[in-house]
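Below you'll find the structure, written out as structure tokens, and then a few comments.
The values are calculated or read from the model by the stated rules, or taken from the named source; none is laboratory data. What you see is a predicted model; the values in this text were computed from it and never measured. When we count neighbours, we look across all protein chains shown, and the Cβ atoms used for this are built from the backbone with ideal geometry, even at glycine. All accessible areas refer to the heavy atoms of the entire protein, side chains included, with ligands and DNA or RNA removed. Shrake-Rupley method; radii C 1.70, N 1.55, O 1.52, S 1.80 Å.
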Amino acid sequence: ANVNTTAVGNVGDGEDDLMTYSMPANSFSAANKGVHIKAWGTTANNANAKTIILYFGTTAIITNALTASITGVWHVEADVYSTGTDAQQYVALLSTVGTVGVALLDPEQGTSAQDDGAAITIKCTGTATDNNDIVQEGMSIVFIN
């Protein structure tokens, strides 16, 4: 449905939207329809705290404090499925690795209650201190029918 490979970094201190996609209204027209989300990027080699969040509408489906003081690479994959009107279930996995070989896997799962009759925003945000502490290199969205 959508691919974005134009890199964008956080700006200054606080939570910044990185990449966003507006999923059209009624994309989940029946139970078991879904969406596969893939997002990826890098982190700066400094001691600043860095947090990446993947949102499906207003639900933060994965939140992770990334490792500081290494040049890192992060990757998130998530599936969100309709379980009925305005009801979704998700499963997500964030993986990250740095130049010093530190690897992390963070699986998450849960439910959401987004209005599927309206557009739903899918986005990654980065919370950091300095410009480009977190850079999102890409995001792809694929519908599952």
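Structure data summary
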read-out	value
Extension gain, Leu93 back to Ser22 (0.36 nm per residue minus Cα-Cα distance, nm)	23.4 nm
Cβ-based net charge around Val142, under 11 Å, with every Lys or Arg adding one and every Asp or Glu removing one	-1
Whole-number accessible area per residue in Å² for the chain, which is evaluated in the context of all protein chains at 1.4 Å	46 Å²
In sequence order, calculated HN-Hα J values of segment 133-141 (Karplus, 6.51, -1.76, 1.60; Hz; x Gly/Pro)	4, 10, 10, 8, 8, x, 7, 10, 10
Potential lengthening between Asp13 and His75 on full extension [0.36 nm per residue; Cα-Cα distance subtracted]	20.1 nm
Built amide H within the under 5 Å cut-off of Gln114, gap 5+	Gln88
Under-5 Å amide H pairs with Asn46, H placed in peptide plane, nonlocal only	Ser69, Ile70
Carbon plus sulfur fraction of accessible area for the chain, probe 1.4 Å, in percent	51 percent
Extension reserve of the Leu105-Ala119 stretch, reckoned as 0.36 nm per residue once the Cα distance is removed	2.0 nm
Inter-label distance, nm, simple model (7 Å from Cα along the C-beta direction), Ala30/Ala1	1.7 nm
³J(HN,Hα), Karplus 6.51/-1.76/1.60, whole Hz, each residue of segment 92-98, x for Gly, Pro	9, 9, 10, 10, 8, 8, x
